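J.: Once you've had a glance at the structure underneath, I'll fire off some questions.
The values are calculated or read from the model by the stated rules, or taken from the named source; none is laboratory data. In this text, all values refer to a predicted model and were calculated from it rather than measured experimentally. Cβ placement follows ideal geometry from the backbone for every residue including glycine, while neighbour counts extend to all protein chains displayed. SASA here: full protein model, heavy atoms, side chains in, ligands and nucleic acids out. Shrake-Rupley method; radii C 1.70, N 1.55, O 1.52, S 1.80 Å.
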Amino acid sequence: MSGLLTLLLLPFSWLYAGVAAVRNWFYDTGRWESTAAGVPLINVGNLRVGGTGKTPHVAWVIEQLLAAGHQPAILSRGYGRRTKGFRLASSTDTAATIGDEPWQHFHAFGQQVPVVVDEDRRHGLAEIAQQLPKVTAVVLDDAYQHRRVRPSLNILLTEQARPFWTDHVLPAGRLRESRLGARRADVVIITKCPPEWPAHEQQAAVAQVRRYARPGVPVLFSTYSYGQPTAVLPTAAALGAVQPGQPVVVLTGIAQPEPLLSELRRRGHAVLAHHQFADHHAFNAAELQALAAALPPAAVIITTEKDAARLREPALRTIVASLPLFYVPIRVAFLADGAQRLQAMLAPPQLTPRVVAS
């Protein structure tokens, strides 16, 4: 967004931020009720619209809870789904019925971790307590602004390349509320960092976080660890593995595709084209047919794990099955001792509901 356009939109941003601030004040002072639950609630969210890496961080938290002996569940709004209300994911669901990110979690964890969607998180938690009594912890996916629920641990993510302290509230920027919303965080994770990010730049980022977060709140740094390309459907696997340096065509419908492009180029792949769509884009057969028609003979198609969830829709399976279509798995890794510090926060007795001071 150009500087002039940002300046023109700032008055609207101030109005938006003011409304959000009044809403937060009602919750922070107890005038509006914010309730906890009978089990620990771990929220993974952000101040910004899209692109901070929530999905792989939710998966990391779930893996730690499982390793600690918890029976966790995931509760999400289910953004972009064509259904409403409470829904417990099952093998009959797709990205269209529960949302691409919840379906991605269901695909990753299967029956081991219940995945629930409900736009009313409080109602969703009540249904989890009634229907899933063995659940011992719930991870809230993107509920940082859902103040009716009070997390035991509030994890705030912000992207290294686009940190919240340089951004503005909508519509001049991409923030859902003012930077002061960081004071509700129990830990701030700066995501998508270079693996060898210099210490002095990390310290500068910590100083920026300290301007807005509560004193003493830990600031951690995470990066992405990319796996080997994996077939979206088994038919692509029959074509063989993606070869080092093989030319690729990239297909994405996510907010921030740049890290994937950088990783592919780092691996020596020639990126012949990038078919880029908006975040949560619902792919259709015509788009995939056009992609197939223009695909060079030696190239394969690379997409993201999140996009793969939507590309497995039943209506697309026939054409997807005919394509050399692969996704690159993403895992979270922490710099320095970040993993150990966050693991300690996920252990009892730290996970107890608290009241946010105004």
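J.: Would you look at the GNM of the chain, springs on alpha carbons closer than 10 Å, and say which of 145, 202, 243 moves the most?
T.: Among 145, 202, 243, the largest GNM mean-square fluctuation belongs to 243.
J.: May I pose another question? Given a 1.4 angstrom probe, what's the average accessible area per residue across region 167-270, in square angstrom?
T.: 44 Å²
J.: May I ask you to work out the translational diffusion coefficient for region 1-159 at 25 °C, viscosity 0.890 mPa s, via Stokes-Einstein with Rh from the Kirkwood sum over Cα pairs, reported in whole µm²/s? If you can, show how the numbers build up before the last one.
T.: Numbers: Rh = 16.7 Å.
Stokes-Einstein gives a translational diffusion coefficient of 147 µm²/s.
J.: Taking springs between alpha-carbon atoms closer than 10 angstrom, which of 231, 298, 282 fluctuates most in the Gaussian network model of the chain?
T.: Sorting by GNM fluctuation, first place goes to 298.
J.: With all protein chains present, how much of the accessible area of region 110-205 (probe radius 1.4 Å) comes from carbon and sulfur, to the nearest whole percent?
T.: Accessible surface attributable to carbon and sulfur in region 110-205 totals 52 percent.
J.: Let me ask you something else. Sum up the charges of everything whose Cβ sits under 15 Å from the Cβ of residue 104, counting Lys and Arg as +1 and Asp and Glu as -1, but leave residue 104 out.
T.: So the environment of residue 104 carries a net charge of -3.
J.: Please work out, to two decimal places, the log10 of the ratio I(q)/I(0) at q = 0.08, 0.12 Å⁻¹ from a Debye calculation in which every Cα of the chain carries one identical scatterer.
T.: Scattering profile of the chain, log10 relative to I(0): -0.41, -0.94.
J.: Return, for the Cα atoms of region 82-196, the radius of gyration and Dmax in Å, separated by a comma.
T.: Computed over the Cα atoms of region 82-196, radius of gyration and Dmax are 16.3, 46 Å.
J.: Evaluate E = 1/(1 + (r/R0)^6) for residue 197 and residue 298, where r is the Cβ-Cβ distance and R0 equals 41 Å; express this FRET efficiency to the nearest 0.05.
T.: Efficiency at R0 = 41 Å is approximately 0.70.
J.: Relative contact order for region 1-160 using alpha-carbon pairs under 8 Å, separation at least 6, rounded to a whole percent?
T.: Relative contact order comes out at 38 percent.
J.: How fast does region 167-219 diffuse by Stokes-Einstein, in µm²/s, taking the Kirkwood radius from C-alpha pairs at 10 °C and 1.306 mPa s?
T.: D = 130 µm²/s.
J.: Counting only the backbone N, which residues of region 30-61 are under 15 Å from the spot 7 Å out from the Cα of residue 343 toward its beta-carbon?
T.: Residues 60-61 fall inside that zone.
J.: Points 7 angstrom from Cα along the Cβ direction at residue 68 and residue 206: gap in nanometres?
T.: 2.3 nm
J.: Let me have the relative contact order for the chain, percent, based on Cα pairs under 8 Å that are six or more residues apart.
T.: Averaging sequence separation for qualifying contacts and normalising by length gives 21 percent for the chain.
J.: Here is a follow-up. Taking every DSSP beta bridge that has both residues in the chain, what percent is antiparallel when rounded to the nearest 5?
T.: Close to 20 percent.
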